[in-house]
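Peer 1: Here you go, one structure.
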Amino acid sequence: VGALQKNHPIIRRELLAFLSSKQLSSDPFKPFDPKVYTHASTATSQSDNTRNNTHPEWSSIYLYHQGIRQSDICNKYFPQTTHILETKCPHIMAGKCGFGSIYFSKLERNTKVKEHCGPTNIRWRCHLPLVVPKNNSTGGSSCLRVGLPGVNEKCVGWEEGVPLLFDDSFLHSAVHHGDCNADENNCESINIDM
């Protein structure tokens, strides 16, 4: 995990360069099934709802998907990130097994990923936040929740470059309310199964 934290600036820079590339004709992130996420807004009026984004979305770009390296994406767009993962973290990469994936994740403003559990406890998941709207580290506007609500639930806000490691088999969810006045409206991270 230390190698990920140390190399956070390189991974972030490569993702931002990819996203600002003139070669992209559309958003490269592919949405997850809309059944797994919903609105996070508590807005009561239509004008509030419009301002706070009426189209929540959780999406991803896979580097490894269920253990299979996505070579075109890795080699063409994320060679530095892939090199860091494969040379500095090979001993922790469950992304190479059938139960593991490594992907860039994006939560649009006003999105809540519904509570869910991973399929097995043989892996841990690491979120390395790369782009986080300001004033978020307290968990107020955006956070990862792990555990049973009202029993052992913990809510942790994302902070750029600070990895969050958790057992994916435990109940967990994520929410990003966002700030409609912020320049950076999305939360983006790289998620790594270990």
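The values are calculated or read from the model by the stated rules, or taken from the named source; none is laboratory data. Quick caveat, the model's predicted, so the values are computed rather than measured. Calculation scope for accessible area: heavy atoms of the full protein, side chains included, ligands and nucleic acids excluded. Shrake-Rupley method; radii C 1.70, N 1.55, O 1.52, S 1.80 Å.
Peer 1: Would you kindly find the accessible area of LYS112, with a 1.4 Å probe and non-protein molecules such as ligands, DNA and RNA excluded, rounding to the nearest 10 Å²?
Peer 2: Solvent-accessible area, nearest 10 Å²: 60 Å².
Peer 1: If you stretched the chain out fully between CYS155 and HIS39, how much longer would it get, using 0.36 nm times the residue separation minus the C-alpha to C-alpha distance?
Peer 2: This chain segment gains 39.9 nm when fully extended.
Peer 1: Under the Karplus relation 6.51 cos²θ - 1.76 cosθ + 1.60, θ = phi - 60°, what is the ordered set of whole-Hz ³J(HN,Hα) values for the stretch 26-37, x standing for Gly and Pro?
Peer 2: Result, rounded to whole Hz: 8, 5, x, 6, 9, x, 6, 4, x, 5, 9, 9.
Peer 1: Working with all protein chains in place, sort HIS83, HIS39, HIS55, HIS172 by solvent-accessible area computed with a 1.4 Å probe, largest first. Write down the numbers at each step before the final one.
Peer 2: Details: HIS83 105, HIS39 80, HIS55 140, HIS172 10 Å².
So the residues, ranked largest to smallest area, are HIS55, HIS83, HIS39, HIS172.
Peer 1: Under the 0.36 nm per residue contour assumption, what length would be gained going from the current alpha-carbon distance of ALA3 and ILE68 to full extension?
Peer 2: Gain on extension, ALA3 to ILE68, equals 21.2 nm.
Peer 1: For SER169, what residues show an amide H to amide H distance below 5 Å, using hydrogens built from the backbone and excluding near sequence neighbours?
Peer 2: GLY118
Peer 1: Related question: Past the 27 Å Cα-Cα mark, which pairs from LYS6/LYS106; LYS114/LYS154; LYS35/LYS106; LYS35/LYS76?
Peer 2: Working: LYS6/LYS106 21 Å; LYS114/LYS154 15 Å; LYS35/LYS106 16 Å; LYS35/LYS76 31 Å.
Beyond 27 Å: LYS35/LYS76.
Peer 1: Heavy atoms only, 1.4 Å probe, whole protein assembly: order ASP167, ASP33, ASP193 by accessible area, highest first. Write out the running numbers ahead of the final one.
Peer 2: Values: ASP167 25, ASP33 80, ASP193 0 Å².
Greatest to least solvent exposure: ASP33, ASP167, ASP193.
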